[in-house]
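Take a look at the structure set out below.
The values are calculated or read from the model by the stated rules, or taken from the named source; none is laboratory data. What you see is a predicted model, and the numbers here were worked out from it, not measured in a lab. Note that each Cβ is placed from the backbone with ideal geometry, even for glycine, and that neighbours are counted across all protein chains shown. Each accessible area value is taken on the protein alone, full model and side chains, heavy atoms only, with ligands, DNA and RNA left out. Shrake-Rupley method; radii C 1.70, N 1.55, O 1.52, S 1.80 Å.
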Amino acid sequence: MALREIRILGDELLRKKSREVTEINDKIRETLSDMQETMLKNDGVGIAAPQIGILKRMIVVMKTEKEILKLINPEIVEMSGEAVDYEGCLSVKKKSVKVKRPTKIKVRAQDEYGNKLEFVAEDFFARVICHEVDHLEGILIVDKEV
Ligand SMILES: [Zn+2]
């Protein structure tokens, strides 16, 4: 595992759309481990691959202190509810932004071994996933400030 440098607002790469992961291999798993380490070291609750300069559809999200999910090709297939709350971002230093998010989402993804996952996330955890999936589209919280 290795710590990676986090790209900061203003970096053009953060604005690009990430590509689907078509082959899940050791390199992908290593990248996910690096993402996890970098997230934890920076006290984040989520991180997306573009934040470490990789334009691939991968995110790491903290469900609880003890449960961290590594998601490949995540898709939000259903959403409901609406809530506005403050969010921070490892790429947007020292700024919290109010963002509107759904309160409940259904997510489809693959794990780091290619197994298909489908689950429902609510409230804060749903917010974290929506935030990270936005990164894969080149969207940052500053675009969504309400
Ligand atoms: Zn972010």
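Numerical summary
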| item | result |
| --- | --- |
| Search result, residues across segment 116-138 that are more than 15 Å from GLY88 (Cα to Cα) and either open to solvent by 80 Å² or more (accessible area, probe 1.4 Å) or among the β-branched types (Val, Ile, Thr) (or both) | LYS116, GLU118, VAL120, GLU122, ASP123 |
| One residue from LYS98, LYS94 being assigned to a strand (DSSP E or B), touching a residue at least 24 places away in the same chain (Cβ under 8 Å) and either basic (Lys, Arg) or at positive phi (or both) | LYS98 |
| Residue among LYS116, LYS98, LYS104 that alone is among the basic types (Lys, Arg), farther than 25 Å from GLU5 by Cα and in contact with a Gly (Cβ under 6 Å, 6 or more places away or on another chain) | LYS104 |
| Qualifying position, being within 16 Å of the ligand (Cβ to nearest atom), modelled with pLDDT of 95 or more and under 21 Å from MET58 (Cα atoms), among GLY114, GLY88 | GLY88 |
| GLN51 of a type outside the set (Gly, Ala, Ser), touching a Ser or Thr at 6+ places or on another chain (Cβ under 6 Å) and not in a strand (DSSP E or B) | yes |
| Filter result (β-branched (Val, Ile, Thr) and under 18 Å from THR22 (Cα atoms)) within segment 107-139 | VAL133 |
